[in-house]
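Undergrad: Take a look at this one; I'll ask things after.
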Amino acid sequence: MKKTMLTGVRPSGNLTLGNYLGAIKNFVDRQEQYNSYIFVADLHAITGYIEPQKVKESVKNSIAIYLACGINPKVTTIFKQSDVLEHGTLGFIMTFQTKMGELSRMTQFKCKSNQQTKEGVDTGLFVYPTLMVADILLYNTAIVPVGKDQQQHVELTRDLAERFNKRYGKTFEMPDVYVAPVGNKILNLQNPLEKMNKSDNGDNKGTIFLLDDIEVAKKKIMSAKTDSYNNVHFDEDNQPGISNLMSILSKITDESFESIEKRYKNKGYGEFKKEVAQVVAELLLDIQSKYKTYNDEIILDKILKEGAMQATNIAKQTLSRATKALGLN
Ligand code: TYM
């Protein structure tokens, strides 16, 4: 029997090149080897205020992008998190099994709660990792492909699964995280000390969105911040901007850093950026042309309906095991 692979993406706005290279591409490349599940994490989108209409639009938009990126609904179950009520219930149970300290230590919480201190920190931000724990455990997941920023949450999942299994008897499978060696943290093109994020200080010059206009995306690469070494060389500490562009190129084309360095020996950054811009443009063109085909209410509704049924079937069995173990039924 195939092992299970699962990942999810929050539907908060357009998906980025970071989401694609850090998570979706790794999932697509492996979807046939596993019993595969990918979902739109819409409950995670409401950890803070977000316009309801925006959530609704982003869900369908995300599914159409998944399909355009190569997720194959014939081998992968695609669903919306809120369609499977078991996520909320198991998330609630797992929150009760978690120490305050474990959640306070989460890097994402520390970063984001610092930005929220004026209005008060949302509890959603504090407890969302335990919902992610439930997302993963419900499907007996063996492998979770994510970017580096989500690794800690998968490690928390392992800790909580182990604690639950010790206390109440073997209930959950232990998931492993898969963080790819290249492209696990794509950086902001204007500030290569920060991660490329869906929200980017308003001007979005540092973030490439998968549905960006092709010429705009090329310009973003051409004006990416680099350094004055004038040497195409992979050195994340001293040349983060150039190393980031090398990661983008290498992840899309599979060319090694050594080979890229060799080809650009004694050549300027302008020429190098042109190639990266071209390769990214081709990737976006391909995704965008497929997106047009898949962005169809009838196709998307059918996929979501089938996905919800298949996912609910497994999730129900796991939740029932957990509630039984707890003495709740
Ligand atoms: P989210 O929506 O922030 O990001 C989705 C996926 O994209 C990866 N990613 C990146 N990888 C490389 N470079 C970047 N700049 C970059 N930005 C984002 C993320 O690491 C992630 O893999 N909580 C999760 C969604 C989630 C989930 C889950 C994932 C909910 N439940 C269960 C896996 C399993 C999140 O907010 O990801």
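The values are calculated or read from the model by the stated rules, or taken from the named source; none is laboratory data. These figures come from a predicted structure and were not determined experimentally. Counting neighbours? That spans all protein chains shown, and the Cβs are built from the backbone with ideal geometry, glycine included. Heads up: the accessible areas ignore ligands, DNA and RNA and are worked out on the full protein's heavy atoms, side chains in. Shrake-Rupley method; radii C 1.70, N 1.55, O 1.52, S 1.80 Å.
Undergrad: Set the Förster distance to 35 Å, then compute FRET efficiency between Glu119 and Lys99 from the Cβ-Cβ distance, nearest 0.05.
TA: Working: r = 26 Å, r/R0 = 0.74.
That pair, Glu119 with Lys99, gives E of 0.85.
Undergrad: Specify the residue with the greatest mean-square fluctuation among Gln150, Gln33, Gln190, computed from a Gaussian network of the chain linking alpha-carbon atoms under 10 Å apart.
TA: Result for the chain, Cα springs under 10 Å: Gln33 fluctuates most.
Undergrad: Hey, what's the Kirkwood Rh for the range 80-222 if you take every pair of different alpha carbons, in angstrom? Please report the intermediate quantities before stating the final value.
TA: Numbers: mean 1/r = 0.0582 Å⁻¹.
After inverting the pairwise mean of 1/r, the radius is 17.2 Å.
Undergrad: Angle check, please: helix 123-137 long axis (alpha carbons) against the longest principal axis of the chain (alpha carbons), in degrees 0 to 90, nearest 10.
TA: For helix 123-137, the angle is close to 80 degrees.
Undergrad: Using only the Cα atoms, work out Rg/Rh for the range 195-240, with Rh taken as the Kirkwood radius, to two decimals.
TA: On the way: Rg = 12.4 Å, Rh = 12.2 Å.
Over the Cα atoms of the range 195-240, Rg/Rh equals 1.02.
Undergrad: Among Ile287, Gln317, Ile299, whose Cα lies farthest out toward the positive end of the dipole of the range 277-327, if unit charges sit on the beta carbon of Lys, Arg (+1) and Asp, Glu (-1)?
TA: Going by the Cα projections, it comes out as Gln317.
Undergrad: Once you charge only the Cβ atoms, +1 for Lys and Arg and -1 for Asp and Glu, what is the size of the charge dipole of the range 1-96 about its Cα centre, to the nearest 20 debye?
TA: It works out to roughly 200 debye.
Undergrad: I've got another one for you. Farthest toward the dipole's positive end in the range 1-157, which of Met94, Val127, Asn14, given Cβ charges of +1 (Lys, Arg) and -1 (Asp, Glu) about the Cα centre?
TA: Selected residue: Asn14.
Undergrad: Could I ask something else about it? Size of the dipole of the range 57-148 about the Cα centre, Lys and Arg at +1 and Asp and Glu at -1 on the beta carbon, nothing else charged, in debye to 20? Walk me through the intermediate numbers first.
TA: Working: 9 positive and 7 negative charges, 62 e Å.
Magnitude of the dipole: close to 300 debye.
Undergrad: Taking square-rooted eigenvalues a ≥ b ≥ c of the alpha carbon gyration tensor, is the range 123-167 rounded, prolate or oblate, where a/c under 1.5 means rounded and, failing that, a/b exceeding b/c means prolate? Numbers along the way, then the final one.
TA: Working: a/c = 1.70, a/b = 1.16, b/c = 1.47.
Oblate, since a/c reaches 1.5 and b/c is not below a/b.
Undergrad: Something else about it: Can you give me the angle between helix 240-253 and the longest principal axis of the chain, using Cα atoms only, in degrees from 0 to 90, rounded to the nearest 10?
TA: Relative to the chain, helix 240-253 is tipped by roughly 70 degrees.
Undergrad: Taking every Cα atom in the range 180-329, find the radius of gyration and the maximum pairwise distance Dmax, and write them in Å.
TA: 21.1, 70
Undergrad: On C-alpha positions alone, give me the angle between the axis of helix 269-294 and the longest principal axis of the chain, in degrees, nearest 10.
TA: Helix 269-294 sits at roughly 40 degrees to that axis.
Undergrad: Please sort by residue number the trypsin sites (Lys or Arg not before Pro) in the range 56-158 whose DSSP state is loop and whose Cβ has at most 13 other Cβ atoms within 10 Å. Don't skip to the end; give the middle numbers.
TA: Working: sites: Lys56, Lys60, Lys74, Lys80, Lys99, Arg105, Lys110, Lys112, Lys118, Lys148, Arg158; in loops: Lys74, Lys99, Arg105, Lys118.
Passing sites in the range 56-158 are Lys74, Lys99, Arg105, Lys118.
Undergrad: Treat the chain as a sphere of radius equal to its Kirkwood radius over Cα pairs and apply Stokes-Einstein at 25 °C in a medium of 0.890 mPa s; give the translational diffusion coefficient in µm²/s, rounded to a whole number. Display every interim value, and only then the final one.
TA: Values: Rh = 20.8 Å.
The diffusion coefficient I find is 118 µm²/s.
Undergrad: Heavy atoms only, 1.4 Å probe, whole protein assembly: order Cys69, Cys111 by accessible area, highest first.
TA: Working: Cys69 15, Cys111 70 Å².
Largest accessible area first, the list is Cys111, Cys69.
Undergrad: Moving to a separate point now. Among Cys111, Asn188, Gln33, whose Cα projects farthest towards the positive end of the dipole of the chain, with charges put on the beta-carbon of Lys, Arg (+1) and Asp, Glu (-1)?
TA: Value: Gln33.
Undergrad: Separate question: I need the trypsin sites (Lys or Arg not before Pro) found in the range 182-284, filtered to DSSP loop residues with at most 11 other beta carbons within 10 Å of theirs.
TA: Values: sites: Lys185, Lys195, Lys198, Lys205, Lys218, Lys219, Lys220, Lys225, Lys251, Lys262, Arg263, Lys265, Lys267, Lys273, Lys274; in loops: Lys185, Lys198, Lys205, Lys225, Lys265, Lys267.
Answer in residue order: Lys265.
Undergrad: Assign one of three labels to the range 234-280, namely rounded, prolate or oblate, based on the Cα gyration tensor with a ≥ b ≥ c the square roots of its eigenvalues; rounded applies when a/c is under 1.5, prolate when it is not and a/b is larger than b/c, and oblate otherwise.
TA: Values: a/c = 1.25, a/b = 1.10, b/c = 1.14.
Here the range 234-280 falls in the rounded category.
Undergrad: Could you name the aspartates and glutamates whose alpha carbon sits less than 18 Å from that of Lys3, not counting residues in the same chain fewer than 8 places away?
TA: Of all the aspartates and glutamates, those that pass the test against Lys3 - Cα under 18 Å, at least 8 places apart if same chain - are Asp29, Glu32, Asp135, Glu173, Asp176.
Undergrad: Something else: For the range 124-165 and the range 172-241, what is the separation of their C-alpha centers, rounded to whole Å?
TA: Cα centroid of the range 124-165 versus Cα centroid of the range 172-241: 25 Å apart.
Undergrad: To the nearest 0.05, how large is the calculated FRET efficiency for Ile299 and Thr107 if R₀ is 35 Å and r is the Cβ-Cβ distance? Before the final figure, lay out the partial values.
TA: Numbers: r = 38 Å, r/R0 = 1.08.
The calculated FRET efficiency here is 0.40.
Undergrad: Next question, about the same structure. Per residue, how many Å² of accessible area does the chain show with a 1.4 Å probe?
TA: Details: 16150 Å² over 329 residues.
Averaged over the residues of the chain, the accessible area is 49 Å².
Undergrad: OK, next. How much of the accessible area of the chain, probe 1.4 Å, is carbon plus sulfur, in whole percent?
TA: On the way: 8100 of 16150 Å².
Solvent-exposed carbon and sulfur of the chain make up 50 percent of the total.
Undergrad: Counting only protein chains, not ligands or nucleic acids, how are Lys25, Lys292 ordered by accessible area (probe 1.4 Å), most first?
TA: Lys292, Lys25
Undergrad: With every protein chain left in place and a probe of 1.4 Å, what is the accessible surface of Ser104, to the nearest 10 Å²?
TA: 50 Å²
Undergrad: Only Lys, Arg, Asp and Glu count, each charged at its Cβ (+1, +1, -1, -1), so figure out the dipole size of the chain about its Cα centre, rounded to 20 debye.
TA: Numbers: 43 positive and 39 negative charges, 130 e Å.
About 620 debye.
Undergrad: Which sequence of Tyr20, Tyr49 reflects their accessible areas, 1.4 Å probe, from the largest down?
TA: Details: Tyr20 25, Tyr49 195 Å².
Sorted descending by solvent-accessible area, the residues read Tyr49, Tyr20.
Undergrad: Same structure, new question: Going 7 Å from the Cα of Glu32 along its beta-carbon direction, which residues of the range 64-94 have the amide nitrogen within less than 17 Å of the resulting point?
TA: The answer is 69-77.
Undergrad: If you don't mind, there's one more thing I want to ask. I want the antiparallel fraction of DSSP beta bridges within the chain, as a percent rounded to 5. Intermediate results must be reported in sequence, preceding the final value.
TA: Values: 2 of 17 bridges.
Taking every DSSP beta bridge with both residues in the chain, the antiparallel ones total about 10 percent.
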